[in-house]
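The values are calculated or read from the model by the stated rules, or taken from the named source; none is laboratory data. The model shown is predicted, which means the values in this text are computed figures rather than measured ones. A quick note on method: Cβ atoms are made from the backbone with ideal geometry, for glycine too, and the neighbour counts reach across all protein chains shown. Surface accessibility is based on the protein's heavy atoms, side chains included, excluding ligands, DNA and RNA. Shrake-Rupley method; radii C 1.70, N 1.55, O 1.52, S 1.80 Å.
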Amino acid sequence: MIRVCIFLALLSISFADNVKFKDCGSVVGKINSVDVNPCPTEPCQLKKNTNVTISIDFLPNSNSATFKTVVHGIIGGVPVPFPTANGDVNPPVPIQQNQKITYTNAIFVEPAYPKISLVVKWEIQDSTGKDFACFVVPAMIVG
């Protein structure tokens, strides 16, 4: 069973789509890449009743015993919290300075969400609330 889970995780990452992103304040880290699966074209189309997987490669420039994921959909300039599907799943903790991190998580696009254009803001914060990684990408919720 564990081998199947690892295979599926690697398979989803291998088919992820590297997206153009805007850094929104990564003060204690540097983002190298952001992948969204599925997102073959931009803005990313987030289909209702599906999971969207995010994979972020970043380099922290400080140590942290813990981290926190914060995700918002920005709609008309107003940030609306988005729960992540798996909570804080990776990276391993503690986070070490200058150790390359590949973070993977997912959001479930609820069937009740309205069809709308938005900006997704994704943050990975250290134990003091400073961003290791902060990025925004344009998206649309579709049926």
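Do we find that residue 14 is out of contact with any Leu (no Cβ under 9 Å at 6 or more places or on another chain), at pLDDT 95 or above and among the hydroxyl-bearing types (Ser, Thr, Tyr) in this structure? So residue 14 does not fit the description; no.
Taking residue 58, is it closer than 24 Å to residue 20 by Cα and open to solvent by less than 10 Å² (accessible area, probe 1.4 Å)? Walk me through it before giving the result.
Details: closer than 24 Å to residue 20 by Cα: yes; open to solvent by less than 10 Å² (accessible area, probe 1.4 Å): yes.
Criteria met by residue 58.
The set of residues in segment 103-122 being open to solvent by less than 20 Å² (accessible area, probe 1.4 Å), closer than 20 Å to residue 77 by Cα and not β-branched (Val, Ile, Thr) consists of 118, 122.
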